[in-house]
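Before any comments, here is the structure.
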Amino acid sequence: MTTTRDLPELIVSLYRDSLGDDTLDADSDFFESNGDSLAAFQITAGLQDALGIEVSVALVFAYPSPADLAAVLASDRQDLP
């Protein structure tokens, strides 16, 4: 089970896999890391699998760093410990 504390790590891992860059961290910017719509779909699909919720691709574009995206998802998911 993914917790609020684990969420940034999960998203960083998805960014690294989708963007093919193992140097990315929680503050990396999706756009500066050459993110595109395919990578955004891969990230949201990974989040949906891990969290069991629907995650809009628009969230990746609106909150382009893993830290920002994690904060938004955590605030939306009050049931995460």
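The values are calculated or read from the model by the stated rules, or taken from the named source; none is laboratory data. Since we're looking at a predicted model, the values are computed, not measured. Note: accessible area is taken over every heavy atom of the protein model, side chains too, but ligands, DNA and RNA are not part of it. Shrake-Rupley method; radii C 1.70, N 1.55, O 1.52, S 1.80 Å.
For Thr23, the accessible area of its heavy atoms, probed at 1.4 Å with every protein chain present, is near 110 square angstrom.
Rolling a 1.4 Å probe over the protein heavy atoms leaves Glu9 with an accessible area of roughly 130 Å². Summed over the residues of the chain and divided among them, the accessible surface reaches 56 Å² per residue at a probe radius of 1.4 Å.
In the assembled protein chains, Asp25 presents an accessible area of approximately 80 Å² (probe radius 1.4 Å). In the list (1) -0.32, -0.51, -0.71, -1.23; (2) -0.23, -0.37, -0.55, -1.38; (3) -0.30, -0.46, -0.64, -1.25, the label attached to log10 I(q)/I(0) by the Debye sum over Cα atoms at q = 0.11, 0.14, 0.17, 0.26 Å⁻¹ as derived from the coordinates here is (2).
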